[in-house]
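The next block holds one structure in the form of structure tokens; read it before the comments.
The values are calculated or read from the model by the stated rules, or taken from the named source; none is laboratory data. As the structure is a prediction and not an experimental result, all values here were calculated from the model. FYI the Cβ positions are ideal-geometry reconstructions off the backbone, even for glycines, and counts take in every protein chain you see.
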Amino acid sequence: MADTPVEYIKHHLQNLTYGKLEAGYERFDGSVMSESAWTFARTAQEASDMGFMAVHVDTLGWSIAMGLLFLGLFRYVATRVTTGVPGALQNLVEVTVEFIENLVKDGFHARNPLIAPLALTIFVWILLMNMLKFIPVDYVPMLASAMGLEYFKIVPTTDPNATFGISIGVFLLIIFYSLKVKGITGFAKELGMQPFNHWALIPVNLVLEVLVLIVKPISLALRLFGNMYAGEVVFILIALLPFWAQWTLNLPWAIFHILVIPLQAFIFTMLTIVYLAAAHEDH
Amino acid sequence: MNINLTLIGQSIAFAIFVWFCVKYVWPPITAAMQARQKKIADGLSAADRASLDLELAQEKAAQQMQQAKEEASVLIDQANKRAAQIVEASKDDARKEGEKLIEQARAEIQQERVQARDALRTEVALLAIAGAEKILETSVDAKAHSEMLDKLAAQL
């Protein structure tokens, strides 16, 4: 565990990284790698030196766990679903499904059976991942350090890898459906002939439209990540207070997050629907 | 905050989750919800129909009641009339019977009177003959004088 506040904060914002260290790399304790190998990073420096060839085990683990929780729960209900009087769990699931169905019905007018389940997956998955924030910031890292793991960050949405992972998936779908609905020429025309419908301005249009396109996944991912990360930092800062004073700030902040967490999940879902609806619109 | 393979791992997980949701989660739940919606709609329309039916039945019942009342009053009228007729007829019969009895009695009386007169007449004739015999002191030959006697009797 870290000692100074800065170290404490840095420690809590570091993912558990499993990655490849090259031969000749000097480890945190002065030892030198004799050959390149996959290992857990023991310091933030090591984690960043691993570069792209590394995996945030905590992010992946918790996000997949949350995804399985979502699918398990909903699949459980789906197999036992009744058209009669629903139980409490089925009711909860149906309320969620209906909420998403209405969102999609309002925002998406083309016919595509993928969009609604996609939106449901995004909404519930992000909601569950965000909800991990309600677990006090020290519980799981302490448990992990007792198990010999230096770092452990449980909220996957405070890791840009997670939010970008989802938003890139959405981005690929935007490209795919743009091409599928409008065809290559239609899509190219949309990129090249808007907003200025003149051949001489095609380069300008192209720059603008490609920028607009690229910004979509970035804004999706950064909005979610930024909100969650900032919230997490504040929680960690509050955890630096004397233990008897923490609840005075922790409680309002947690209550505030009851609003923030579903809101961020909702915004991500809603924007996904809007972007995909735009991709389906043929001009 | 390093970007690394986690990004790709997340994308793969996301794709698998979406696929699973599309295939195994969404369809049964929405199907059940639609089925229930249909059930509720059917139930509501059935209830509407039932209340309409009830209204119609009540109207019909009221109509039938009214009709029954009318029929009953007609029947009562008829019965009253019939009873009056019967009373009238029996009165008539009784009067006729009485008259007939009186007539019969009169006829009997008449007959008896005729008989008595005949008997009396014969007797008077006999008495007259007896008286005449006494006067003449001889017997009257009944046969000889029968013509005269009959004349006499006819005159009485």
Q. In segment B:30-61, which residues are among the hydrophobic types (A, V, I, L, M, F, W, C) and closer than 30 Å to A:Val104 by Cα?
A. B:Ala31, B:Ala32, B:Met33, B:Ala35, B:Ile40, B:Ala41, B:Leu44
**Q.** Number of the exception - A:Leu201 against (1) part of a helix (DSSP H, G or I); (2) in contact with a Lys or Arg (Cβ under 6 Å, 6 or more places away or on another chain)
**A.** (2)
Q. Can you find even one residue in segment B:36-48 that is within 14 Å of another protein chain (Cβ to nearest Cβ) and closer than 30 Å to A:Gln14 by Cα?
A. no
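Scanning for something surrounded by 10 or more Cβ atoms within 10 Å (Cβ to Cβ), outside any helix (DSSP H, G or I) and either among the hydrophobic types (A, V, I, L, M, F, W, C) or touching a residue at least 60 places away in the same chain (Cβ under 8 Å) (or both), does segment B:3-25 turn up at least one residue?
Looking only at segment B:3-25, we keep the residues that are surrounded by 10 or more Cβ atoms within 10 Å (Cβ to Cβ), and these are B:3-25.
The next check asks that each one be outside any helix (DSSP H, G or I); those that pass are B:3-5.
Okay, now just the ones that are also either among the hydrophobic types (A, V, I, L, M, F, W, C) or touching a residue at least 60 places away in the same chain (Cβ under 8 Å) (or both), so B:3, B:5.
Scanning segment B:3-25 turns up at least one residue that is surrounded by 10 or more Cβ atoms within 10 Å (Cβ to Cβ), outside any helix (DSSP H, G or I) and either among the hydrophobic types (A, V, I, L, M, F, W, C) or touching a residue at least 60 places away in the same chain (Cβ under 8 Å) (or both).
Have a look at A:Ala239, A:Ala277 and point out the one that is surrounded by 15 or more Cβ atoms within 10 Å (Cβ to Cβ) and farther than 20 Å from A:Met131 by Cα. Even if it seems obvious, please write down each step before you answer.
Values: A:Ala239 fails: farther than 20 Å from A:Met131 by Cα.
Sole residue among the options that is surrounded by 15 or more Cβ atoms within 10 Å (Cβ to Cβ) and farther than 20 Å from A:Met131 by Cα: A:Ala277.
Does segment A:268-283 include one or more residues that are in a helix (DSSP H, G or I) and closer than 18 Å to A:Lys153 by Cβ? Steps first, answer last, please.
From segment A:268-283, those in a helix (DSSP H, G or I) are A:268-280; that's our starting set.
From the residues that got through so far, the ones that are closer than 18 Å to A:Lys153 by Cβ too are none.
No, because not a single residue in segment A:268-283 is in a helix (DSSP H, G or I) and closer than 18 Å to A:Lys153 by Cβ.
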Q: Return only the number of the condition from (1) surrounded by fewer than 22 Cβ atoms within 10 Å (Cβ to Cβ); (2) within 11 Å of another protein chain (Cβ to nearest Cβ); (3) over 20 Å from B:Gln37 (Cβ atoms) that A:Leu149 does not satisfy.
A: (2)
Q) Looking only at residues in segment A:110-146 that are more than 24 Å from A:Asn15 (Cα to Cα) and surrounded by fewer than 20 Cβ atoms within 10 Å (Cβ to Cβ), which one is farthest from the other protein chains (Cβ to nearest Cβ)? A) A:Ala110
Q) Residues in segment B:121-128: is at least one acidic (Asp, Glu) and at pLDDT 90 or above? A) no
**Q.** Output for segment A:44-96, where each listed residue is more than 10 Å from chain B (Cβ to nearest Cβ) and in contact (Cβ under 8 Å) with a residue 24 or more places away in the chain
**A.** A:Glu46, A:Trp62, A:Leu69
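Which members of segment A:97-106 meet the condition of being more than 8 Å from every other protein chain (Cβ to nearest Cβ) and over 22 Å from the mean Cα position of the chain (by Cα)? Step through it out loud before you land on a result.
Of the residues in segment A:97-106, the ones more than 8 Å from every other protein chain (Cβ to nearest Cβ) are A:99-100, A:102-106.
Hits for segment A:97-106 are A:Asn102, A:Lys105, A:Asp106.
Residue by residue through segment A:234-249, note down the ones that are touching a residue at least 24 places away in the same chain (Cβ under 8 Å) and under 24 Å from A:Leu127 (Cα atoms). Spell out the reasoning first.
If we filter segment A:234-249 for residues that are touching a residue at least 24 places away in the same chain (Cβ under 8 Å), which is where we start, we get A:235-237, A:239-240.
Across segment A:234-249, the qualifying residues are A:Phe235, A:Ile236, A:Leu237, A:Ala239.
Could you grab me the full set of residues in segment A:123-157 that are in a helix (DSSP H, G or I) and of a type in the set (A, V, I, L, M)?
Filtering segment A:123-157 down to residues in a helix (DSSP H, G or I) leaves A:123-134, A:139-146, A:156-157.
Once the filter is applied, which keeps residues that are in a helix (DSSP H, G or I) and of a type in the set (A, V, I, L, M), segment A:123-157 yields A:Val124, A:Ile126, A:Leu127, A:Leu128, A:Met129, A:Met131, A:Leu132, A:Val140, A:Met142, A:Leu143, A:Ala144, A:Ala146.
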Q. In segment B:104-138, what residues are without any contact (Cβ under 8 Å) to a residue 24 or more places away in the chain and of a type in the set (D, E, K, R)?
A. B:Arg106, B:Glu108, B:Glu112, B:Arg113, B:Arg117, B:Asp118, B:Glu123, B:Glu133, B:Lys134, B:Glu137
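Any residue in segment A:16-32 that is touching a residue at least 40 places away in the same chain (Cβ under 8 Å) and either within 11 Å of another protein chain (Cβ to nearest Cβ) or under 27 Å from A:Gly226 (Cβ atoms) (or both)?
Within segment A:16-32 (the criterion being touching a residue at least 40 places away in the same chain (Cβ under 8 Å) and either within 11 Å of another protein chain (Cβ to nearest Cβ) or under 27 Å from A:Gly226 (Cβ atoms) (or both)), the answer is yes, since at least one residue qualifies.
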